[in-house]
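Engineer: Take a look at the following structure, please.
The values are calculated or read from the model by the stated rules, or taken from the named source; none is laboratory data. The model shown is predicted, which means the values in this text are computed figures rather than measured ones. In this analysis, Cβ positions are derived from the backbone assuming ideal geometry, glycine residues included, and neighbour counts consider all displayed protein chains.
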Amino acid sequence: MPYERMKAFFAEWVPKIDRELYAFLEKKVKEQTDPYNKRVVDDIYRFAKAGGKRVRPTLVIAGYLGARESAPNEVIKASIAYELLHIYLLIHDDIVDRDELRRGQPTVWKSMMDHYVRGDLERHDAEALATIGGDLAETYATLALLNAGLEPETAVNAVRELHEIAERTGYGQVLDVSLEMTPIEDVREEDVLRVHELKTAKYTMEGPLHMGAQLANAPKEIFDAYSKYAVPVGIAFQLQDDIIGVFGDEKKTGKPVGSDIREGKRTLLIVKAYENATDAQKKLIKAVLGRESATAEEIEEIKDIIMETGSLDYSKKLMEELMERGIASLETAPIKEEVKDVLRDLAEYIIKRDR
């Protein structure tokens, strides 16, 4: 069975993570005494239950087990902080990107707009409430760490780690939005890869592994080993995400295919396509990129340009190189062999997944 070690690891830990996550959010819903707060908190809970692979909290546990023999329940309780941080960032990201669907369901701002307590809302009001909901999810992330039963010094260090991760991700988001406002001809490959490093590699891969190492009070060598693996593999993760966003199946992804193009995302696919395009193709890219009303036919034309210019092949080749670099770094890493096996499987899975 492909990725057998990774699948077994996720099968063991994801149900335990979900148990703690849902118990935490159920408690928050029950604490609300008025319908307005209850509606917002309930939507955070709905968002959490709508799906998600729990990659990040599972990697928190992997990061812990890379240094320790077993993970106590306190570590599982602490790991949900990362999923709550993820929920916070996704709620805000959907507002920034104007996405109406996430995991095949309405995003939080869209849900607020359509089904709020006192009837339909204007978009601005729905986005305001969703923003507050995201802020609450971030607060819950900190509370989850503080209430996990950790030793006081470990809890403080874990909170610091969590907020440093959120800070770096915020800088990546600033760069991402700023690039959308930059003329496509002025965006360079290194700009895109820097965003991927901050928003995905350090957030999705390095951050949770470091969080686990922090919970384990691991030595610096283990933190360094996780970074050597996580940064290249995390960038590969985002490159595949971008490919799926343009060429994937909407039924599998739960998001509209081509939304990155309509939102004006400066992905490597678009940057390299523009760099190698003919004058006529460049004109079409400029006309379609960032236009919400772009038709399905226009999106198909952009997809054709991405393939014809070799941009798709370029991204795939870079992904392979990054994956191999990350896997190679594990050979001498001072972490448990069982965790190395999981991380090897994960790196290979990342560039072959279709959702």
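Engineer: Of these, Glu300, Glu324, Glu337, which one is exposed (fewer than 14 other Cβ atoms within 10 Å of the Cβ) and within 30 Å of Ala216 (Cα to Cα)? Give the derivation first.
Structural biologist: Details: Glu300 fails: within 30 Å of Ala216 (Cα to Cα); Glu324 fails: exposed (fewer than 14 other Cβ atoms within 10 Å of the Cβ).
Answer to the check: Glu337.
Engineer: Now a separate question. Answer yes if at least one residue in the range 37-48 is within 24 Å of Lys202 (Cβ to Cβ), touching a residue at least 24 places away in the same chain (Cβ under 8 Å) and buried (at least 20 other Cβ atoms within 10 Å of the Cβ), and no otherwise.
Structural biologist: Step one: filter the range 37-48 for residues within 24 Å of Lys202 (Cβ to Cβ), giving 47-48.
Applying the additional criterion that residues be touching a residue at least 24 places away in the same chain (Cβ under 8 Å) yields 47-48.
Okay, now just the ones that are also buried (at least 20 other Cβ atoms within 10 Å of the Cβ), so 47-48.
Yes.
Engineer: Here's a follow-up. Can you confirm whether Val257 is at pLDDT below 95, farther than 23 Å from Glu190 by Cα and of a type in the set (A, V, I, L, M)? Explain how you work it out, then say what you get.
Structural biologist: Values: at pLDDT below 95: yes; farther than 23 Å from Glu190 by Cα: yes; of a type in the set (A, V, I, L, M): yes.
Taking the combined requirement at face value, the residue satisfies it.
Engineer: Another one. Is it the case that some residue within the range 6-29 is assigned to a helix (DSSP H, G or I), at pLDDT 95 or above and more than 20 Å from Glu83 (Cβ to Cβ)? Let's see the steps before the verdict.
Structural biologist: Taking the range 6-29 first, the residues assigned to a helix (DSSP H, G or I) are 6-29.
Right, trim to at pLDDT 95 or above and you get 6-29.
Now drop any that are not more than 20 Å from Glu83 (Cβ to Cβ), which leaves 8.
Yes, because at least one residue in the range 6-29 is assigned to a helix (DSSP H, G or I), at pLDDT 95 or above and more than 20 Å from Glu83 (Cβ to Cβ).
Engineer: When you scan the range 194-224, how many residues do you find that are farther than 22 Å from Gly170 by Cα and either within 11 Å of the chain's Cα centre (by Cα) or surrounded by fewer than 24 Cβ atoms within 10 Å (Cβ to Cβ) (or both)?
Structural biologist: Qualifying residue count, the range 194-224: 8.
Engineer: If you check Pro2 against the conditions, is it in a helix (DSSP H, G or I), under 23 Å from Glu338 (Cα atoms) and not basic (Lys, Arg)?
Structural biologist: No.
Engineer: For the range 238-247, give me each residue that is of a type outside the set (Val, Ile, Thr) and either surrounded by fewer than 19 Cβ atoms within 10 Å (Cβ to Cβ) or within 18 Å of Asp191 (Cα to Cα) (or both). Working first, answer last.
Structural biologist: Just the residues of the range 238-247 that are of a type outside the set (Val, Ile, Thr), to begin with: 238-242, 245, 247.
Residues satisfying the conditions are Gln238, Leu239, Gln240, Asp241, Asp242, Phe247.
Engineer: A further question follows. Restricting attention to the range 4-18, which residues are surrounded by 12 or more Cβ atoms within 10 Å (Cβ to Cβ), under 21 Å from the mean Cα position of the chain (by Cα) and either more than 27 Å from Ile132 (Cβ to Cβ) or in contact (Cβ under 8 Å) with a residue 60 or more places away in the chain (or both)?
Structural biologist: Scanning the range 4-18 gives Met6, Lys7, Phe9, Phe10, Trp13, Val14, Lys16, Ile17.
Engineer: A further question follows. Can you tell me which residues in the range 286-296 are of a type outside the set (Asp, Glu) and surrounded by fewer than 20 Cβ atoms within 10 Å (Cβ to Cβ)? If you could, list the steps in order and put the result at the bottom.
Structural biologist: First, the residues of the range 286-296 that are of a type outside the set (Asp, Glu): 286-291, 293-296.
Listed by number, the residues that qualify are Lys286, Ala287, Gly290, Arg291, Ser293, Ala294, Thr295, Ala296.
Engineer: Do you know which of the residues in the range 177-192 that are free of Cβ contacts under 8 Å to residues at least 60 places away in the same chain and part of a helix (DSSP H, G or I) is nearest to Phe223 (Cα to Cα)?
Structural biologist: Glu190
Engineer: Residues of the range 220-235 being farther than 22 Å from Met319 by Cβ and either in contact with a Pro (Cβ under 7 Å, 6 or more places away or on another chain) or touching a residue at least 60 places away in the same chain (Cβ under 8 Å) (or both), which ones?
Structural biologist: If the condition is that a residue be farther than 22 Å from Met319 by Cβ and either in contact with a Pro (Cβ under 7 Å, 6 or more places away or on another chain) or touching a residue at least 60 places away in the same chain (Cβ under 8 Å) (or both), then Glu221, Ile222 are the ones that fit.
Engineer: Could you check the range 252-268 and list, in sequence order, the residues that are farther than 17 Å from Ser178 by Cβ, basic (Lys, Arg) and more than 16 Å from the chain's Cα centre (by Cα)?
Structural biologist: Hits for the range 252-268 are Lys252, Arg262.
Engineer: When you go through Gly234, Gly245, Gly326 one by one, which is the residue that is within 27 Å of Gly207 (Cβ to Cβ), modelled with pLDDT under 95, assigned to a helix (DSSP H, G or I) and touching a Leu at 6+ places or on another chain (Cβ under 9 Å)?
Structural biologist: When all the criteria are applied, what remains is Gly245.
Engineer: State the number of residues belonging to the range 2-21 that are under 17 Å from Ala347 (Cβ atoms) and not hydroxyl-bearing (Ser, Thr, Tyr).
Structural biologist: Residues of the range 2-21 under 17 Å from Ala347 (Cβ atoms): 2-10.
Narrowing further to those that are not hydroxyl-bearing (Ser, Thr, Tyr): 2, 4-10.
Result for the range 2-21: 8.
Engineer: Being touching a residue at least 40 places away in the same chain (Cβ under 8 Å) and either in contact with a His (Cβ under 8 Å, 6 or more places away or on another chain) or farther than 30 Å from Ala62 by Cβ (or both) is true for just one of Arg266, Arg325, Arg355, Arg291. Which residue is that?
Structural biologist: Step by step, each of Arg266, Arg325, Arg355, Arg291 is checked, and only Arg266 is touching a residue at least 40 places away in the same chain (Cβ under 8 Å) and either in contact with a His (Cβ under 8 Å, 6 or more places away or on another chain) or farther than 30 Å from Ala62 by Cβ (or both).
Engineer: Could I ask something else about it? For the subset of the range 260-278 comprising residues that are crowded, with 19+ Cβ neighbours inside 10 Å, out of contact with any Asp or Glu (no Cβ under 7 Å at 6 or more places or on another chain) and among the β-branched types (Val, Ile, Thr), which member is modelled with the lowest pLDDT?
Structural biologist: Per the criteria, the residue is Ile261.
Engineer: Another one. Has the range 110-128 got at least one residue that is closer than 24 Å to Met205 by Cα, surrounded by fewer than 19 Cβ atoms within 10 Å (Cβ to Cβ) and not aromatic (Phe, Trp, Tyr)?
Structural biologist: Checked against the condition, which is being closer than 24 Å to Met205 by Cα, surrounded by fewer than 19 Cβ atoms within 10 Å (Cβ to Cβ) and not aromatic (Phe, Trp, Tyr), the range 110-128 yields no hits at all.
Engineer: Could I ask something else about it? One residue is enough: does the range 213-221 have a residue meeting the conditions over 19 Å from Leu85 (Cβ atoms) and part of a helix (DSSP H, G or I)?
Structural biologist: yes
Engineer: Which residues, counting only those in the range 163-175, are in contact (Cβ under 8 Å) with a residue 40 or more places away in the chain and either under 16 Å from Ile261 (Cα atoms) or of a type in the set (A, V, I, L, M, F, W, C) (or both)?
Structural biologist: Within the range 163-175, Ile165, Ala166 meet the criteria.
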